[in-house]
Amino acid sequence: MEKVEKIDNKTLEEKNISEIFDELEIKNAKLNKIDYTGSKFQYLEITSTIITNSNFSNLNLSEQSFYKVTFQNCNLVGTNFSSSFLKEVNFINCNLSYTTFSKAKLEKVIFDQCNLKDASLYKINQKNLQLNNCNLESVDVFETNLVNVDIRTCNINHIRIDIPSMKGLIVNEEQALALAKFLQITIE
């Protein structure tokens, strides 16, 4: 049996962690200025935790679980959340450029003032997704149900989106004109 690492009811600050974890459970924790780059996770579960000013860039977090987690001012550039489960997760002022959420399940996830430039939202399963004042420039959105998702406050320049994903999306007038190009219509 593999060793299970647990961080429970602890505060960790200013640590560089570059390890291979067979199983890591983080619960009721506060992590500040933690750098996990170079770490690998076979199994990761983070619950009821606040993570601030930390670096998770270029990590493979695919097929992992996050419940009641807040990431604030974190670097998540190039992080892979493919097929992960995220419920009641808040990303506040985080850099998520080049991050992939392909085939992830997102329930009550909020992105607030985040940079998602060149991120992938391919085939995500979402409920109550919120995007507030985010940079969605060059984001890939394909085969994703975005009914009732409001992106009126977001930058959508060069967004790559398929027509079915646009159904029910809430946009402003300027965004509607930009998205019209995907409908292959001419506006004169």
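The values are calculated or read from the model by the stated rules, or taken from the named source; none is laboratory data. Bear in mind that the values here come from a model prediction, so they are computed numbers and not experimental data. Positions of Cβ are backbone-derived with ideal geometry, glycine not excepted, and every protein chain shown enters the neighbour counts.
Would you mind finding the one in LYS117, LYS108, LYS123, LYS87 that is in contact with a Ser or Thr (Cβ under 9 Å, 6 or more places away or on another chain), on the phi > 0 side of the Ramachandran plot and charged (D, E, K, R)? Working first, answer last.
Values: LYS117 fails: on the phi > 0 side of the Ramachandran plot; LYS108 fails: in contact with a Ser or Thr (Cβ under 9 Å, 6 or more places away or on another chain); LYS87 fails: on the phi > 0 side of the Ramachandran plot.
So the residue among LYS117, LYS108, LYS123, LYS87 that is in contact with a Ser or Thr (Cβ under 9 Å, 6 or more places away or on another chain), on the phi > 0 side of the Ramachandran plot and charged (D, E, K, R) is LYS123.
Selection of strands (runs of 3 or more DSSP E) fully inside the stretch 69-127 by the criterion of at least 3 residues being among the hydrophobic types (A, V, I, L, M, F, W, C) and modelled with pLDDT of 95 or more returns 85-92.
Give the residue that is modelled with the lowest pLDDT, with candidates limited to residues of the stretch 40-57 that are polar (S, T, N, Q) and over 13 Å from the mean Cα position of the chain (by Cα).
From the stretch 40-57, those polar (S, T, N, Q) are 42, 47-49, 52-55, 57; that's our starting set.
Filter once more, so that each one left must be over 13 Å from the mean Cα position of the chain (by Cα): 42, 47-49, 52-55.
Working: GLN42: 94, THR47: 98, SER48: 98, THR49: 98, THR52: 98, ASN53: 98, SER54: 98, ASN55: 97.
Across the stretch 40-57, the extreme among qualifying residues is GLN42.
Looking across the stretch 18-35, the residues that are surrounded by 16 or more Cβ atoms within 10 Å (Cβ to Cβ) and of a type in the set (A, V, I, L, M) come down to LEU24, ILE26, ALA29, LEU31, ILE34.
Please verify whether the stretch 148-161 includes one or more residues that are surrounded by fewer than 17 Cβ atoms within 10 Å (Cβ to Cβ) and in contact with a Phe, Trp or Tyr (Cβ under 7 Å, 6 or more places away or on another chain).
Step one: list which residues in the stretch 148-161 are surrounded by fewer than 17 Cβ atoms within 10 Å (Cβ to Cβ), which gives 148, 150, 152-153, 157-158, 160.
Still in the list and also in contact with a Phe, Trp or Tyr (Cβ under 7 Å, 6 or more places away or on another chain): none.
No, the conditions are met nowhere in the stretch 148-161.
Among the residues of the stretch 157-188, write down those that are outside any helix (DSSP H, G or I), touching a residue at least 12 places away in the same chain (Cβ under 8 Å) and not charged (D, E, K, R).
Just the residues of the stretch 157-188 that are outside any helix (DSSP H, G or I), to begin with: 157-162, 167-172, 184-188.
Narrowing the set further to residues that are touching a residue at least 12 places away in the same chain (Cβ under 8 Å) leaves 157-162, 167-172.
ASN157, HIS158, ILE159, ILE161, GLY168, LEU169, ILE170, VAL171, ASN172, listed by residue number.
Could you run through the stretch 161-178 and say how many residues are of a type in the set (A, V, I, L, M) and more than 13 Å from VAL149 (Cβ to Cβ)? So the answer is 4.
So how many residues does the stretch 129-156 have that are over 19 Å from GLN72 (Cα atoms), under 14 Å from the mean Cα position of the chain (by Cα) and not in a strand (DSSP E or B)? Let's see the steps before the verdict.
Kept after step one, since they are over 19 Å from GLN72 (Cα atoms), are these residues of the stretch 129-156: 137-153, 155-156.
Remaining after also requiring under 14 Å from the mean Cα position of the chain (by Cα): 139-141.
Filter once more, keeping what is not in a strand (DSSP E or B): 139.
Number satisfying all stated conditions: 1.
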